[in-house]
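A short write-up of the structure that comes next.
The values are calculated or read from the model by the stated rules, or taken from the named source; none is laboratory data. The shown structure was predicted, so the numbers you read here are calculated from the model rather than taken from an experiment. Quick reminder, even Gly has a Cβ in these numbers, built from the backbone with ideal geometry, and neighbours come from all protein chains shown.
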Amino acid sequence: MFSALRGYRCIAITNRGTSKEKVQQLYAYGAEVVVTASGVPTDSPVHCQNVEKQLVEENPGYFGLNQYDSPLNPEAYYATLGPELWAQTNGKITHLVAAGSTGGTVSGTARFLKKKNQAIQVIMPDPHGSIFYDWWAHRKLVKPTSFEGLDLSLIDVMPRFSDEQAFATCRTIARRMGMMVGGSAGGNVHAALTLARKLKGPATVVAILCDSGTKYLSKIFNDEWMASKGYNVAAMDASAANRSAR
């Protein structure tokens, strides 16, 4: 979007695990898209981060955003989302629930909020199979990685969740709230609801809805794709219908 507004040539680098809607959206904005291998370690030359670095090194005039490691990523949220949440809750926020991803949202927002009130709890839901929990809980890396934008020292709780729980929550939100959100947002809401059920006093829990479900129409909201992955969509949707009827 920014490149289209400014007239820049944009080369977007992603991997084969990216939904077709995301790739099509990039093409719609006029970007060139480079699709790399998925599931490779970050020290692999074909990992998307390293492909970006190579393109920048080999082409004078290219600028790489370096999303995973750029300190500007969390700084953007420190300057924007953090103050916004503090103002909109009148300083009453008690819990922030935000996924890890590339680190900017949870790190920048948490740093601002904890500067305002150190007692605010930061919850970073982490899906099973992710590397973050092992590093946060045991200082153990499962595979080589780089996430300089993510400050795990700010995280108070890191609950685990399954893809099935996140996807079921996405489908429930669509049917109950009329909102389309993606898997990371579904994981955040699942964790926030689990937390809310355990709280014994007044609290203001903010969950970040960080991605749009329109980018996952061919996956999370596609019954055939869900069934091909072994998910019981009938049970998911029946549960969502029961909640809506309450």
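Listed here are the helices (runs of 4 or more DSSP H) enclosed by region 14-86 that have at least 1 residues being farther than 25 Å from Val106 by Cβ: 20-28, 48-58. If you scan region 96-131, which residues turn out to be more than 19 Å from Ala192 (Cα to Cα) and not in a loop (DSSP other than H, G, I, E, B)? Gly104, Gly108, Arg111, Phe112, Lys115, Lys116, listed by residue number.
Screening region 19-44 for residues that are among the polar types (S, T, N, Q) and in contact with a strand residue (DSSP E or B) (Cβ under 8 Å, 6 or more places away or on another chain) and picking the one that is surrounded by the fewest Cβ atoms within 10 Å (Cβ to Cβ) gives Ser38.
Collect the residues in region 94-105 that are at pLDDT 95 or above and within 19 Å of the chain's Cα centre (by Cα), keeping them in residue-number order. Talk me through it step by step, then tell me what you get.
Within region 94-105, the subset at pLDDT 95 or above is 94-98.
Matches in region 94-105: His95, Leu96, Val97, Ala98.
Considering only region 204-219, state which residues are modelled with pLDDT of 95 or more and touching a Lys or Arg at 6+ places or on another chain (Cβ under 9 Å). Across region 204-219, the qualifying residue is only Thr204. From the residues in region 143-154 that are within 26 Å of Tyr216 (Cβ to Cβ) and buried (at least 18 other Cβ atoms within 10 Å of the Cβ), which one is modelled with the highest pLDDT? Taking the candidates together, the pick is Leu150. For region 19-74, a residue qualifies if it is among the hydroxyl-bearing types (Ser, Thr, Tyr), more than 18 Å from the chain's Cα centre (by Cα) and farther than 30 Å from Leu217 by Cα, and the qualifying residues are Ser44, Tyr62. When you look at Thr194, is it surrounded by fewer than 17 Cβ atoms within 10 Å (Cβ to Cβ), in the same structural domain as Val106 (by TED's automatic domain parsing) and modelled with pLDDT under 95, yes or no? No: the conditions fail for Thr194. Number of residues in region 1-36 that are closer than 26 Å to Met226 by Cα, of a type in the set (A, V, I, L, M) and modelled with pLDDT under 90 equals 0. Taken as a whole, the structure places Lys140 among residues that are modelled with pLDDT under 90 and surrounded by fewer than 17 Cβ atoms within 10 Å (Cβ to Cβ).
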